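Visitor: Dropping the structure in here first, questions after.
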Amino acid sequence: QVQLVESGGGLVQAGDSLRLSCAASGRTGSSYAMGWFRQAPGKEREFVAAFTSRSSETNYADSVTGRFTIARDGAKNAVYLQMNSLKPEDTAIYYCAFAPAPPLSTTRARYWGRGTQVTVSS
């Protein structure tokens with residue numbers, strides 16, 4: 001069992017930055033994938049970014065490449081999402097997710113956080 005708790009969402013203006021945090025507790029194992037998804041009103045949940053623990057490989061959605069950066073603190077079992085140059089279309093609930101083996105996807109994620117709201121005003 002893995003528990004995920006997100007924090008760091010909020011209301012910002014276009015062009016601003018935010019950093020989301022996700023703290024993981026429980027038995028993660030040594031080879032897992034962890035990352036972020038988001039869901040805007042009336043839309044399906046979509047992949048944002050992920051990393052794999054063993055290879056440290058990172059992946060990003062095309063829509064956030066160059067603006068968002070995912071990072072991990074292994075000692076704290078935490079993952080962060082640094083979001084720069086935010087746009088109104090980034091407005092969504094952001095969810096932290098964990099898969100016991102890579103790759104991370106909506107169907108392969110076994111554990112989810114409750115989500116944190118990010119709102120970007122124009």
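Visitor: Please find, among LYS76, LYS87, the residue that is surrounded by fewer than 18 Cβ atoms within 10 Å (Cβ to Cβ), basic (Lys, Arg) and farther than 17 Å from GLU6 by Cα.
Guide: Values: LYS76 fails: farther than 17 Å from GLU6 by Cα.
Checking each option against the conditions leaves just LYS87.
Visitor: Consider segment 1-37. How many of its residues are under 14 Å from ASP90 (Cα atoms) and in contact with a Lys or Arg (Cβ under 7 Å, 6 or more places away or on another chain)?
Guide: Residues of segment 1-37 that are under 14 Å from ASP90 (Cα atoms), as a first pass: 9-20, 36-37.
Keeping just the survivors that are in contact with a Lys or Arg (Cβ under 7 Å, 6 or more places away or on another chain) gives 14, 37.
So the count comes out to 2.
Visitor: Can you tell me how many residues within segment 32-44 are within 18 Å of the chain's Cα centre (by Cα) and either in a loop (DSSP other than H, G, I, E, B) or surrounded by fewer than 17 Cβ atoms within 10 Å (Cβ to Cβ) (or both)?
Guide: At the first step, the residues of segment 32-44 found to be within 18 Å of the chain's Cα centre (by Cα) are 32-41, 43-44.
So of that shortlist, the ones also either in a loop (DSSP other than H, G, I, E, B) or surrounded by fewer than 17 Cβ atoms within 10 Å (Cβ to Cβ) (or both) come out as 32, 39-41, 43-44.
Total meeting the criteria: 6.
Visitor: So in segment 54-73, with the set limited to residues that are touching a strand residue (DSSP E or B) at 6+ places or on another chain (Cβ under 7 Å) and of a type in the set (Gly, Ala, Ser), which one is surrounded by the most Cβ atoms within 10 Å (Cβ to Cβ)?
Guide: Top of the filtered list is ALA61.
Visitor: A further question on this structure: With the checklist (1) assigned to a strand (DSSP E or B); (2) more than 16 Å from PHE98 (Cα to Cα); (3) of a type outside the set (Lys, Arg); (4) open to solvent by less than 50 Å² (accessible area, probe 1.4 Å) in hand, flag the one item ALA50 doesn't pass.
Guide: Single failed check for ALA50: (2).
Visitor: Still on this structure, I have one more. I'm trying to understand the selection: among the residues of segment 22-31, which are open to solvent by less than 30 Å² (accessible area, probe 1.4 Å) and of a type outside the set (Val, Ile, Thr)? Walk me through how you get there before you give the answer.
Guide: So the first thing to find is which residues in segment 22-31 are open to solvent by less than 30 Å² (accessible area, probe 1.4 Å), and the list is 22, 24, 28.
Scanning segment 22-31 gives CYS22, ALA24.
The values are calculated or read from the model by the stated rules, or taken from the named source; none is laboratory data. In this text, all values refer to a predicted model and were calculated from it rather than measured experimentally. No Cβ is skipped: glycine too gets one built from the backbone with ideal geometry, and neighbour counts run over all protein chains shown. Quick note on the areas: whole protein, heavy atoms, side chains included, nothing else; ligands and nucleic acids left out. Shrake-Rupley method; radii C 1.70, N 1.55, O 1.52, S 1.80 Å.
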